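The values are calculated or read from the model by the stated rules, or taken from the named source; none is laboratory data. In this text the structure is predicted, and so the values were computed from the model without any measurement. Glycine also receives a Cβ, built like all others from the backbone with ideal geometry; neighbour counts cover every protein chain displayed. When the accessible area is computed, the model is the full protein with side chains, heavy atoms only, and any ligands, DNA or RNA have been set aside. Shrake-Rupley method; radii C 1.70, N 1.55, O 1.52, S 1.80 Å.
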Amino acid sequence: MAFFKSLLLAFSMFSTIPMPKVDWNEKNMRYLMCAFPLVGLVIGALFWLAWHLVGFLPEESEGGMMARRILPLVLLLIPLAVTGGIHMDGFMDTCDALASHADREKKLAIMKDSHAGAFAVMGAVLYFLCDFVLLGEWCRFSLGVLPLVFVFSRLLSAFSVAVFSPAKESGLVRTFADAGARRFTAVWSVFWFLLAAFSAVWFFRLQALAVIGAQLLVFVCYFLLTRRHFGGITGDTAGWFVQVAEIISFAAAFVLRLCQCG
């Protein structure tokens, strides 16, 4: 029952999917980060479903051609629609803070500011352009392991909340870290990440290795970057990590595809 309530809270917090109301207390939040990757599973399932639904349409028909043109945009919008842009908001705030070249306290203050700065806007525009181009190229092939990218990034993010030091004594990450079963969350995240990774490698071989390698590389950079610039992680940097891990994974899979075609 405790895990089920944490699951409802995870979807209430990290998705726009309507959920029954559950009290926000320490007991109900205990396994929230363990349930967080299931939001990524829903995104991945919708990703896969949208691609396959378009695949049923005849390529030579007008409807089929039009659907294939807009499919990259649909795939780009699915994560935003499911999450409500919560991770993109963190990505933009972190871009602003990193671009400020200010001291640590000023950077943390910038991330708390509700206004989007120039670097946040430029970062978001560049992100969506890259995402659209990469997804447009992948729509010509099989999606392969790409739907699992959303699960991998959230498993690593849950692990970071359980293990990394929060940058502030208050805030979302501190709340989750204090309320959650940190050791259980860390072990749970590692177990499911390894299981998903081995399964992905079994079915998708080199493409899975490229995606997993990209995610782990971003994860290491995330640890070093947050420790240097912020003294730990925050809710905004966690969102930054999820977004960057996903786009770099798409890029890694695409580069591998280019090498194979070449």
Using the Karplus curve 6.51 cos²θ - 1.76 cosθ + 1.60 with θ = phi - 60°, work out ³J(HN,Hα) for each residue of the range 198-205 in order, rounded to whole Hz, and write x for Gly and Pro. 5, 5, 5, 5, 4, 8, 10, 6
Helix 2-14 sits at what angle to the longest principal axis of the chain, using alpha carbons and giving 0 to 90 degrees rounded to 10? 70 degrees
May I ask you to rank VAL255, VAL151, VAL42 by accessible area, largest first, using a 1.4 Å probe over the protein chains only? VAL255, VAL42, VAL151
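For a protection proxy built on the mean count of beta-carbon atoms within 10 angstrom, sort 10-23, 231-244 highest first, please. Let's see the in-between values first.
Numbers: 10-23: 15.1, 231-244: 24.8.
Averaged packing, sorted descending, gives the order 231-244, 10-23.
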Considering only DSSP states other than H, G, I, E and B, which GluC sites (Glu not before Pro) in the range 17-121 qualify as loop sites with at most 13 other Cβ atoms within 10 Å? GLU26, GLU59, GLU60
Positive end of the charge dipole of the range 48-125 (Lys, Arg +1 and Asp, Glu -1 on Cβ, about the Cα centre): tell me which of ALA99, ILE86, GLY55 has its Cα farthest that way. ALA99
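Taking each pair of different alpha-carbon atoms in the range 1-56 once, compute 1/r for the pair, average those values, and report the inverse of that mean as the Kirkwood hydrodynamic radius in Å to one decimal.
Values: mean 1/r = 0.0825 Å⁻¹.
About 12.1 Å for the range 1-56.
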With a ≥ b ≥ c the root eigenvalues of the C-alpha gyration tensor of the range 1-113, is it rounded (a/c under 1.5), prolate (a/b larger than b/c) or oblate? oblate
Helix axis angle, 149-163 relative to the chain longest principal axis, alpha carbon, degrees: 10 degrees
For ILE233, other-chain or 5+-apart residues with amide H closer than 5 Å (H placed, Pro excluded) are SER165, ALA167
Between helix 86-100 and the chain: long-axis angle, C-alpha atoms, 0 to 90°, nearest 10: 70 degrees
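For the range 92-154, what number results from the quotient of the Cα radius of gyration and 2.2 N^0.38 Å? Numbers along the way, then the final one.
On the way: Rg = 15.8 Å, N = 63, 2.2 N^0.38 = 10.6 Å.
In units of the 2.2 N^0.38 Å rule of thumb, it is 1.49.
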Sorted from largest down, what three extents in whole angstroms do the Cα atoms of the chain have along their principal axes? 58, 46, 33
